[in-house]
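Colleague: Shown below is the structure under consideration.
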Amino acid sequence: EASEYLGELGYAEAEDLDGGALTARAEVDVVAQALNGLAFSVARGADRLEGSADRVAIVAGGIDARGLSITGDGIGSLKGSLRVSGGELVGELRGQGLDLARATRLAGLRVPVEGMLDVDVALRPTREGRTGHLDVEVVGGAISLVHGISARLSAKFEGEKVDAAAFKALVKAAV
């Protein structure tokens, strides 16, 4: 019976041609389409991050990650629980000091980006819509040939009402 299924311990290791490595370990619950007690690490060159989640599950139209924690020396941190389902974002997630250049390199993406990212999300559904806030800030950003980008987006949600404010700056560095 599905309710009696406890899952199996799963372990995976992978390397790509560019020297990136991923290891992951979790209890796999095939019936619930979930990973419980997930622990993982990603490394590429001198960069490394460690992560864990109490539970990551496939849900109708999305994914549900509970007790998520990702940290890397000099890369920043990300903590919280988040559910994306049917185009709706629900939960709390806080990221501080996320180094975009190092994170994209770790992910194996060849996108020329730089900057430090802070993010704070706290959203929950209500009968009238949603309540909470979303704050995103990038400092010292760069993408492709455009450097000196700083931006902040803040939004407060109350039912169907959204109050948002944004700030952006493009600063040319002294040469």
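The values are calculated or read from the model by the stated rules, or taken from the named source; none is laboratory data. Keep in mind that this is a model prediction, so the values were computed, not measured. With ideal geometry, Cβ positions are generated from the backbone for all residues, glycine too; neighbour counts draw on all protein chains shown. The accessibility values were calculated without ligands, DNA or RNA, using every heavy atom of the protein model including side chains. Shrake-Rupley method; radii C 1.70, N 1.55, O 1.52, S 1.80 Å.
Colleague: Dipole of the chain, Cα-centred, from +1 at each Lys and Arg C-beta and -1 at each Asp and Glu C-beta, to the nearest 20 debye?
Modeller: Details: 19 positive and 26 negative charges, 152 e Å.
Dipole size: approximately 740 debye.
Colleague: Further, regarding this structure: Just to verify a number: FRET efficiency for Thr131 and Leu170, C-beta to C-beta distance, R0 = 22 Å, to 0.05? Write down the numbers at each step before the final one.
Modeller: Numbers: r = 33 Å, r/R0 = 1.52.
Once the sixth-power term is evaluated, E becomes 0.05.
Colleague: Can you figure out the FRET efficiency of Val162 with Ala32, using R₀ = 30 Å and their beta-carbon distance, to the nearest 0.05? Could the numbers behind the result be given before it?
Modeller: Details: r = 34 Å, r/R0 = 1.13.
Calculated value: 0.30.
Colleague: Under Stokes-Einstein, with the Kirkwood radius over Cα pairs standing in for Rh, what whole-number D in µm²/s applies to segment 42-98 at 20 °C and 1.002 mPa s?
Modeller: On the way: Rh = 12.2 Å.
The diffusion coefficient I find is 176 µm²/s.
Colleague: Also: Give a residue-ordered list of calculated ³J(HN,Hα) values for segment 19-33 (Karplus: 6.51 cos²θ - 1.76 cosθ + 1.60, θ = phi - 60°; whole Hz; x for Gly, Pro).
Modeller: Working through the residues one at a time gives x, x, 9, 10, 10, 8, 9, 6, 7, 9, 10, 5, 5, 8, 6 Hz.
Colleague: Taking only the C-alpha atoms, wrap a convex hull around segment 104-175 and report its volume per residue in Å³ as a whole number. Don't skip to the end; give the middle numbers.
Modeller: Values: hull volume 7.8 nm³, N = 72.
In segment 104-175, the Cα convex hull volume per residue is 108 Å³.
Colleague: Additional query: So what is the calculated 222 nm ellipticity per residue for the chain, using -39500 (n - 2.57) for each DSSP H run with n of 4 or more, over all residues, to the nearest 500 deg cm²/dmol?
Modeller: On the way: 1 runs with 7 residues, N = 175.
That comes out to -1000 deg cm²/dmol.
Colleague: Determine ³J(HN,Hα), in whole Hz, for all residues of segment 70-84 in sequence, where each value follows from phi through the Karplus function 6.51 cos²θ - 1.76 cosθ + 1.60 and θ = phi - 60°; x replaces Gly and Pro.
Modeller: Residue by residue, segment 70-84 yields 10, 9, x, 4, x, 9, x, 9, 9, 9, x, 9, 9, 10, 10 Hz.
Colleague: Give, as a single signed number, the net charge of other residues whose beta carbon lies under 9 Å from the beta carbon of Ala151, with Lys and Arg counted +1 and Asp and Glu -1. Walk me through the intermediate numbers first.
Modeller: Working: positive: Arg152, Lys168; negative: Glu137.
Every neighbour counted, the sum reads +1.
Colleague: Would you kindly derive the ³J(HN,Hα) couplings of segment 123-130 from the backbone phi angles with the Karplus curve 6.51 cos²θ - 1.76 cosθ + 1.60 (θ = phi - 60°), listing them in order in whole Hz, with x for Gly and Pro?
Modeller: Here the 3J(HN,Hα) series is 9, 9, x, 10, 4, 8, x, 8 Hz.
Colleague: Carbon-plus-sulfur fraction of the accessible area of the chain, 1.4 Å probe, in percent? Display every interim value, and only then the final one.
Modeller: Numbers: 6570 of 11190 Å².
For the chain, the apolar C and S fraction of the accessible surface comes to 59 percent.
Colleague: Kirkwood hydrodynamic radius of segment 19-175 from all distinct Cα pairs, in Å?
Modeller: On the way: mean 1/r = 0.0576 Å⁻¹.
Hydrodynamic radius (Kirkwood, Cα only) of segment 19-175 equals 17.4 Å.
Colleague: Over segment 1-124, with the other protein chains present, what is the accessible area per residue in square angstrom, probe 1.4 angstrom? Walk me through the numbers on the way to the answer.
Modeller: On the way: 7350 Å² over 124 residues.
Accessible surface, normalised per residue, equals 59 Å².
Colleague: Quick one: if you stick a label point 7 Å off each Cα along the C-beta vector at Ala151 and Leu17, how many nm between them?
Modeller: Roughly 3.3 nm, to one decimal.
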